[in-house]
Amino acid sequence: MRRVLCSILIGASVLAVKGQGTVAFEQLRARAENGFPAAQYNLAVMYESGDGVAQNFKKAVEWYRKAAEAEYPEAQYNLGVCCLAGRGVALDEALGAAWFQKAAVNGNERAQHNLGYCYFAGRGVSQNYQRAVLWFEKAARQGDPDAQYNLGLCHAEGKGTTQNAAKAVKLYTAAARQGHSEALYALGCCYLTGTGIEPDAVRAVTCYEKAANSGYAKAQYSLAVCLQKGAGTPQNLQKALLRFVQAAEQGDVDAEYGLALCYAEGMGADQDPVKAVEFFRKAAGRGHVEAQCELGYCFSDGQGVEQSHEKAVEWFRLAAEQGHADAQFRLGFCYFKGTGVSQKKSVAADWFLKAAGQGSSTACYNLGICYEEGEGVPLNPAKAAQWYLESAKLGLGYGQEAVSLCCFMGNGLPQSKVDGYAWALLAAGNGCDALDNEHIRALEDNERSAGRERADALLATMPQ
């Protein structure tokens, strides 16, 4: 799961004389005008925050600049933030990075972090992952949690340094101890997947819960998934639903999709196809490919929405063109049957082939039908048998039944009663009526015994 690098820290530094009103302001201004950098800095903070004086970003920048030019690190840092944000001064990322550089050299850990981010993202400076790591390291050593987290990401992804998942975990842990939400989430992902540390679903849930309770949407979503599956915590569909809602309300697209599935399948809530479509639409409209495919099914079946095969094709196509295997198969099936689109069996075969290339067992099987019957492709029994075999190896019962017949009859595959019986047994185990035919009835006992052994061997090679 990809995690997001913490960006520039925008907040101003803490005001030394906060909350003392007009008297404090006049005293500060007098000292600032007499050239005291600390007073100039605090006066700037008052102008920026509007504490004790009318908020005025331009005056804040003016006084930050005076203190910054006197080598006051906090002022240099805040001036850099203003330049990057275009607050009180024209937006100038290069100048912002330059002020971060000055403050960073003077030991300000927030500036060191932000300068690292500038190098990582190429903001105001040429992108340079090695320099980003250098400055993240300096800030991390001073205990800056954002720097610890971002340095962890660099180690996790091997950007600017050698990839080292264990180091990433140590850095995430250091930041997580300070309550850093993103680090807690990242650490949870490491525990869940066993990346850089021994897998521990219970600890993963603990990390997700802490981050989720701080309002971090990605953690709320991941916690919902754990609650739904009973991973690291007792299964609780109602609590999972609440966490999906929390994340979805913050615009998390995965949570919108997860919430849609809850309503579609009645998990943690009453089944509600209309609400399911509402959230599938939200996620699909933001590019969630799974939601786009599911929305295609909703329109195809008339679930939660008025049935429209044409709209189903639109959504299947959108997902299929992004490489979604199930959508590619469904779009191919629509072309094969002429449902919601003009019948074009050659186009159907093309989409079946794309989906089959991604391991879709149903696409492999349907491609076998195309070659066996010469529908959309030239008639080719050998290719038909190979595609049936591909679907059979992926565990599809219909494909296993087709392979059984090919083996018994020697159509596209070597004739073998043992293999024929083995595949028939597997097909029957998947719910197909594959054992009631003349080929099976004519088998000798030794052929049946060998077939059972062969079926066990084949089953061991298949995805579980």
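The values are calculated or read from the model by the stated rules, or taken from the named source; none is laboratory data. Worth saying up front: this structure is predicted, and the values here are computed from it rather than measured. Neighbour counts run over all protein chains shown; Cβ positions are idealised from the backbone, glycine included.
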* Please work out if Leu318 is without any contact (Cβ under 8 Å) to a residue 60 or more places away in the chain and closer than 26 Å to Ala219 by Cβ. => no
* Does Ala121 satisfy the condition of being assigned by TED's automatic domain parsing to the domain that holds Asp144, of a type in the set (A, V, I, L, M), surrounded by fewer than 18 Cβ atoms within 10 Å (Cβ to Cβ) and in contact (Cβ under 8 Å) with a residue 40 or more places away in the chain? -> yes
* Within the stretch 441-462, considering residues that are within 47 Å of the chain's Cα centre (by Cα) and not in a helix (DSSP H, G or I), the one surrounded by the fewest Cβ atoms within 10 Å (Cβ to Cβ) -> Thr461
* Residue count, the stretch 135-157 (criterion: more than 15 Å from Gln178 (Cβ to Cβ) and either within 28 Å of the chain's Cα centre (by Cα) or surrounded by 24 or more Cβ atoms within 10 Å (Cβ to Cβ) (or both)) -> 8
* To do: Please state which one of Gly251, Gly230, Gly196 is among the small types (Gly, Ala, Ser) and out of contact with any helix residue (DSSP H, G or I) (no Cβ under 9 Å at 6 or more places or on another chain).
  => Gly230
* Scan the stretch 58-74 and give yes if some residue there is part of a helix (DSSP H, G or I), more than 25 Å from Leu153 (Cβ to Cβ) and modelled with pLDDT under 95, otherwise no. => no
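Just to check your reading of the model, which residue among Gly287, Gly304, Gly268 is surrounded by fewer than 19 Cβ atoms within 10 Å (Cβ to Cβ) and on the phi > 0 side of the Ramachandran plot?
Values: Gly304 fails: surrounded by fewer than 19 Cβ atoms within 10 Å (Cβ to Cβ); Gly268 fails: surrounded by fewer than 19 Cβ atoms within 10 Å (Cβ to Cβ).
When all the criteria are applied, what remains is Gly287.
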* Quick one: which of Val377, Val418 is within 38 Å of the chain's Cα centre (by Cα), β-branched (Val, Ile, Thr) and either outside any loop (DSSP other than H, G, I, E, B) or assigned by TED's automatic domain parsing to the domain that holds Met462 (or both)? -> Val377
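Per-residue answers, yes or no, for (1) surrounded by 20 or more Cβ atoms within 10 Å (Cβ to Cβ); (2) touching a residue at least 24 places away in the same chain (Cβ under 8 Å); (3) at negative phi:
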| position | (1), (2), (3) |
| --- | --- |
| Ala384 | yes, yes, yes |
| Ala392 | yes, yes, yes |
| Gly395 | no, yes, no |
| Cys407 | yes, no, yes |
| Pro414 | no, no, yes |
| Val418 | no, yes, yes |
| Tyr421 | yes, yes, yes |
| Leu435 | no, no, yes |
* **Filter result (out of contact with any Leu (no Cβ under 9 Å at 6 or more places or on another chain) and either surrounded by 24 or more Cβ atoms within 10 Å (Cβ to Cβ) or over 15 Å from Ser49 (Cβ atoms) (or both)) within the stretch 67-87** => Glu69, Ala70, Glu71, Tyr72, Pro73, Glu74, Ala75, Gln76, Asn78, Cys82, Gly86
* Return a yes/no flag: does the stretch 342-352 have any residue that is among the aliphatic types (A, V, I, L, M) and closer than 22 Å to Ala434 by Cβ. => no
* Within the stretch 98-123, work out how many residues are closer than 22 Å to Thr161 by Cα and among the small types (Gly, Ala, Ser). => 5
* To do: Looking only at the stretch 176-216, count how many residues are among the hydroxyl-bearing types (Ser, Thr, Tyr), more than 16 Å from Gln250 (Cβ to Cβ) and surrounded by 21 or more Cβ atoms within 10 Å (Cβ to Cβ).
  => 1
* Asked: Based on what the data block shows, is Gly215 assigned to a loop (DSSP other than H, G, I, E, B), of a type outside the set (Ser, Thr, Tyr) and over 30 Å from Leu242 (Cα atoms)?
  -> no
* Among Tyr297, Tyr371, which is outside the structural domain of Phe408 (by TED's automatic domain parsing), aromatic (Phe, Trp, Tyr) and touching a residue at least 12 places away in the same chain (Cβ under 8 Å)? -> Tyr297
